[in-house]
Amino acid sequence: MSEKIYECEVKKLFRRGDPNVWEWKRMTVANAIGEGASEFRCKDCHGAVRLHGKHVPHGPAPHIEHKHRQDSEYCISGIYFRQYPGRQPRLSQSPVE
């Protein structure tokens, strides 16, 4: 059993006033890869994630999974969170900024 999250947050550069501003934007992993994004984080807990972007025939779609088990244990998208009902979700202990 493995964790597959198909949406993430990607850090993108936006024009807001004189200095450009980096902001997190939610999108599908496939779109993020298509746009050439380089920084990803979990959309729910803001934790570090591992990218699985190779799309092979009859294989899973591009997705991410948590790098740290503790993030998965307390993130509503995490596989370990779903295994233990009654646990309260929280943000990552070491969020990606």
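The values are calculated or read from the model by the stated rules, or taken from the named source; none is laboratory data. Quantities reported herein were computed from a predicted structural model and do not represent experimental measurements. Ideal geometry is used to build each Cβ from the backbone, glycine not excepted, and the neighbour counts take in all protein chains shown.
Table for the structure above
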{"quantity": "Residue count, segment 17-38 (criterion: farther than 24 Å from residue 60 by Cβ, of a type in the set (S, T, N, Q) and not in a strand (DSSP E or B))", "calculated": "0"}
{"quantity": "Sole residue being out of contact with any strand residue (DSSP E or B) (no Cβ under 6 Å at 6 or more places or on another chain), surrounded by 14 or more Cβ atoms within 10 Å (Cβ to Cβ) and in contact (Cβ under 8 Å) with a residue 12 or more places away in the chain, chosen from 77, 92", "calculated": "92"}
{"quantity": "Qualifying positions in segment 2-33 - at pLDDT 90 or above and in contact with a Ser or Thr (Cβ under 9 Å, 6 or more places away or on another chain)", "calculated": "6, 7, 8, 10, 11"}
{"quantity": "Filter result (more than 13 Å from the chain's Cα centre (by Cα) and surrounded by 10 or more Cβ atoms within 10 Å (Cβ to Cβ)) within segment 2-13", "calculated": "12"}
{"quantity": "Segment 62-71, residues that are under 16 Å from residue 52 (Cα atoms) and either assigned to a helix (DSSP H, G or I) or acidic (Asp, Glu) (or both)", "calculated": "65"}
{"quantity": "Matching option when the condition is surrounded by 10 or more Cβ atoms within 10 Å (Cβ to Cβ), within 17 Å of residue 65 (Cα to Cα) and touching a Gly at 6+ places or on another chain (Cβ under 7 Å), among 41, 26", "calculated": "41"}
{"quantity": "Selection count where residues are in a loop (DSSP other than H, G, I, E, B) and on the phi < 0 side of the Ramachandran plot, scope segment 72-95", "calculated": "15"}
{"quantity": "Residue 83 touching a helix residue (DSSP H, G or I) at 6+ places or on another chain (Cβ under 7 Å) and either touching a residue at least 60 places away in the same chain (Cβ under 8 Å) or of a type outside the set (Ser, Thr, Tyr) (or both)", "calculated": "no"}
{"quantity": "Residues located in segment 41-55, provided they are under 10 Å from residue 8 (Cβ atoms) and free of Cβ contacts under 8 Å to residues at least 40 places away in the same chain", "calculated": "43, 51"}
{"quantity": "Residue list for segment 27-58, filter: among the charged types (D, E, K, R) and more than 12 Å from the chain's Cα centre (by Cα)", "calculated": "35, 54"}
